[in-house]
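Coordinate-derived values only; no laboratory data. Keep in mind that what you see is a predicted model, and the values were worked out from it rather than measured. Glycine also receives a Cβ, built like all others from the backbone with ideal geometry; neighbour counts cover every protein chain displayed.
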Amino acid sequence: MTLDQLNALEPDSFAAALGDVFEYGTWIARAAAAGRPFATVAALHDGMIDILRYAPRDRQVEFLRGHPELGSKVAREGDLTDASRAEQGQLGLDRLSDDQFVLFKDLNTAYRKKFPFPFIICVRRHTRDSILDRFARRLDHDVDAELAAALEEIGHITRLRLVDRIDGPGKPKTTGQLTTHVLDTARGRPAAGVAITLHEVGANARGVLAQAVTNADGRTDAPLIASMPLRIGTYELQFAIGDYFTRIAPAAAEQAFLDVVPVRFAITEPEGHYHVPLLASPWSYTTYRGS
């Protein structure tokens, strides 16, 4: 739906179109209808989040209680809104191993003993390790600090949902990008044909996220990650430099030192641009966060 179409709807239709952007919070969409017309998608989100931010505390807590626990039995059984089901499913929180299920259950239990609402985090911006780290850290908050943290996460969750739902001018930035570039410092030119594999590296989830081969400019034809938030966590790029030098200079490759070059790095800015270049010869390499 376009923003112009949304602005033109009757209040009930407006609320129905946006009701599940805020989990079971149709009252927020209904109140936001009075603020039309919204000039930008960002202004629409700001208007909706302000309604929640300035609502009475008991109304805020009631709203937060409508959210499911992460990795809980409810998530396993599928009693979620479509948006929550998709978000938890993308991270595998609806199909945890038995050990991981117990870990989340224990954290949820500890959290419920201290706070009057479930732990809330924008799972689309985090890896599983990052979620568990923040789960444990936020247990040290007092109730006021944790309420503020939960409302901040609601802002991230609903911003992503709204951008997915409404097309129009002034969309808030919700996506990041991961790119790379390989230079052959022995020959002073881009390294074409280098096989690259991107891994998520973590204690609770590991896996290959992307594979690519560098083109004539030493870059991949498309970003390794784009059009989505970069999940906060630890990653590793593996560059098949040994194969590259064997192919272009077989004689020199007999004395080569490097085979696969791993570059492990952290992502902390989900909406940022991370460029991880590699400058390599058969015997050495350097890397840094580029632009």
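Quick notes on this structure:
- Computed from Cα positions, the angle between helix 143-165 and the longest principal axis of the chain comes to roughly 70 degrees.
- Put a dot 7 Å past the Cα of Met228, heading toward its Cβ, do the same for Gln211, and the two dots end up 1.8 nm apart.
- Bins of 5 Å from zero: percent of alpha-carbon pairs in the stretch 176-287: 3, 12, 23, 23, 17, 11, 7, 3, 1
- Charging the Cβ of each Asp and Glu at -1 and of each Lys and Arg at +1, and nothing else, the dipole of the chain about its Cα centre rounds to 260 debye.
- Positive-end extreme of charge dipole, the chain - chosen from Val102, Pro282, Val213 (charges on Cβ): Pro282
- Normalised convex hull volume, the chain, alpha-carbon set, Å³ per residue: 144
- Lys171, Lys105 arranged by Cβ crowding within 10 Å, fewest neighbours leading: Lys105, Lys171
- Net lengthening on full extension, His273/Gln5 (0.36 nm per residue, minus Cα-Cα): 93.2 nm
- Compared with the alpha-carbon gap, the fully stretched path from Arg187 to Ala249 is longer by 21.3 nm at 0.36 nm per residue.
- Eligible aspartates and glutamates near Lys105 by straight Cα distance, threshold 13 Å, same-chain separation 8 or greater: Glu69, Asp94
- Formal net charge of residues neighbouring Thr40 (Cβ-Cβ distance under 15 Å; K, R +1; D, E -1): +1
- The peptide list 189-201, 116-128, put in order of mean Cβ contacts within 10 Å with the highest first, becomes 116-128, 189-201.
- Percent antiparallel among DSSP beta bridges (both partners in the chain, rounded to 5): 75
- Calculated from backbone phi, Karplus (6.51, -1.76, 1.60) coupling profile of the stretch 57-62 in Hz, x at Gly/Pro: 4, 5, 6, 4, 5, 4
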